[in-house]
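S.K.: Okay, handing you the structure first.
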Amino acid sequence: MGRAVKPRAVPLREILFAAKTGFLSKPLWHEFFAQRSRAQNARIWNNLMDQGYFRSHPSKMLRNVLVLAPKALEVLQKQGLVAVTHPHISLFDHDEKVARIALCLEKASVVNDFTTEAELKKKFMLWMKTAPEGKSTKFPDLILDLRGTGQFQRVAIEVEQSLKSLERYKSVMNSYANAKTIQAVIFISDQQTIFNRIGRAMTAVHYPSWERPVGFGLMNEWLKSPDTANIHLSRGVASIRQWTSLAKENLSLNK
């Protein structure tokens, strides 16, 4: 008798990640998901498509980017989950940076969970279309649920790659001024002009920074090590790691 063929495991981690972001890129997969030798990893990556769980991104320009196939959507449906749609090519570079930050923080064990803008838009789609305030609401690129019970448990992340108008930033800051579930907001960019304009918008709308602090981070630091990257606040410098460490200290003091 021939040897029984061992069934291939469902790539659940990859499917769940792509359900939140809309894609899985080869660089992110190699850095955060691959665990075998180079040759084995090459086969595993190809198997993601061969097994029918993933397919190539519709844009031929994104050669090393996969999106969920119907077989993966069935896996999610059995768990009561719905996937977000894949990002357009014009948004991909931005969304991959956001995803890298989320995966780095997850790997550093400083977050319990993260929620993407695409997930929020899918969840509140009907409200966005029907409610007057829904049409102007700005959803964060990323919401982090930090570990511990520190002062900042829910933090919004905004990755800013291009300068927006002052009116647009005023609208963004007004949204955050009313976002009761967010304890802090961090803008990440490599352009000082963006930080300056956000600061002007905060002043213009009388943003309550004493209640919901706004921090600024440098893109290269955050893409490399977001858990220890500097968060420049009006009252000094902090980091995600520091916020979660303070939470642990508070827990031990209260025991």
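S.K.: Quick one: in the range 91-120, of everything that is over 11 Å from the mean Cα position of the chain (by Cα) and under 19 Å from PRO27 (Cβ atoms), which residue is surrounded by the most Cβ atoms within 10 Å (Cβ to Cβ)?
M.R.: Per the criteria, the residue is PHE92.
S.K.: Restricting the search to the range 167-216, which residues are more than 21 Å from the chain's Cα centre (by Cα) and β-branched (Val, Ile, Thr)?
M.R.: Answer for the range 167-216, where residues must be more than 21 Å from the chain's Cα centre (by Cα) and β-branched (Val, Ile, Thr): THR193, THR203, VAL205.
S.K.: Can you find, within the range 147-167, the residue that is nearest to ASN220 (Cα to Cα) among those that are modelled with pLDDT under 95 and exposed (fewer than 14 other Cβ atoms within 10 Å of the Cβ)?
M.R.: GLN151
S.K.: Taking the range 228-244, which residues are surrounded by fewer than 15 Cβ atoms within 10 Å (Cβ to Cβ) and either among the basic types (Lys, Arg) or not assigned by TED's automatic domain parsing to the domain that holds GLU211 (or both)?
M.R.: ARG235
S.K.: Of everything in the range 25-52, what is in a loop (DSSP other than H, G, I, E, B) and either modelled with pLDDT of 95 or more or surrounded by 14 or more Cβ atoms within 10 Å (Cβ to Cβ) (or both)? Give them in sequence order.
M.R.: Listed by number, the residues that qualify are PHE33, ALA34, GLN51, GLY52.
S.K.: Oh, and also: I'd like the full set of residues that are among the hydroxyl-bearing types (Ser, Thr, Tyr) and either free of Cβ contacts under 8 Å to residues at least 60 places away in the same chain or farther than 30 Å from TRP222 by Cα (or both), limited to the range 70-96.
M.R.: SER90, the sole residue that qualifies.
S.K.: Still on this structure, I have one more. Taking the range 121-145 as the search range and keeping residues that are in contact with an Asp or Glu (Cβ under 7 Å, 6 or more places away or on another chain) and either part of a loop (DSSP other than H, G, I, E, B) or at pLDDT below 95 (or both), which one is surrounded by the fewest Cβ atoms within 10 Å (Cβ to Cβ)?
M.R.: Residue satisfying both the conditions and the ranking: PHE139.
S.K.: Can you tell me which residue is farthest from ARG154 (Cα to Cα) among those in the range 212-223 that are touching a residue at least 24 places away in the same chain (Cβ under 8 Å) and not in a strand (DSSP E or B)?
M.R.: Out of the qualifying residues, it is ASN220.
S.K.: Which residues, counting only those in the range 25-84, are among the charged types (D, E, K, R) and within 18 Å of the chain's Cα centre (by Cα)?
M.R.: First, the residues of the range 25-84 that are among the charged types (D, E, K, R): 26, 31, 36, 38, 43, 50, 55, 60, 63, 71, 74, 78.
If the condition is that a residue be among the charged types (D, E, K, R) and within 18 Å of the chain's Cα centre (by Cα), then LYS26, GLU31 are the ones that fit.
S.K.: Can you find, within the range 173-200, the residue that is nearest to THR244 (Cα to Cα) among those that are in contact with a helix residue (DSSP H, G or I) (Cβ under 7 Å, 6 or more places away or on another chain) and surrounded by fewer than 21 Cβ atoms within 10 Å (Cβ to Cβ)?
M.R.: To start, the set of residues in the range 173-200 that are in contact with a helix residue (DSSP H, G or I) (Cβ under 7 Å, 6 or more places away or on another chain) comprises 173, 182, 185, 187-190, 197-198, 200.
Imposing the further condition that a residue be surrounded by fewer than 21 Cβ atoms within 10 Å (Cβ to Cβ) reduces the set to 182, 189-190, 197, 200.
Values: ILE182: 16, SER189: 23, ASP190: 25, ARG197: 29, ARG200: 30 Å.
Selected residue: ILE182.
S.K.: Return yes when ILE157 is in contact with a strand residue (DSSP E or B) (Cβ under 6 Å, 6 or more places away or on another chain), more than 16 Å from TYR207 (Cβ to Cβ) and not in a helix (DSSP H, G or I) and no when it is not.
M.R.: In short, yes.
S.K.: Here's a check for you: in the range 1-24, which residue that is assigned to a loop (DSSP other than H, G, I, E, B) and either at pLDDT 95 or above or of a type in the set (Ser, Thr, Tyr) (or both) is surrounded by the fewest Cβ atoms within 10 Å (Cβ to Cβ)?
M.R.: PRO11
The values are calculated or read from the model by the stated rules, or taken from the named source; none is laboratory data. Here the structure is a predicted model, which is why all the values come from computation and not from measurement. A quick note on method: Cβ atoms are made from the backbone with ideal geometry, for glycine too, and the neighbour counts reach across all protein chains shown.
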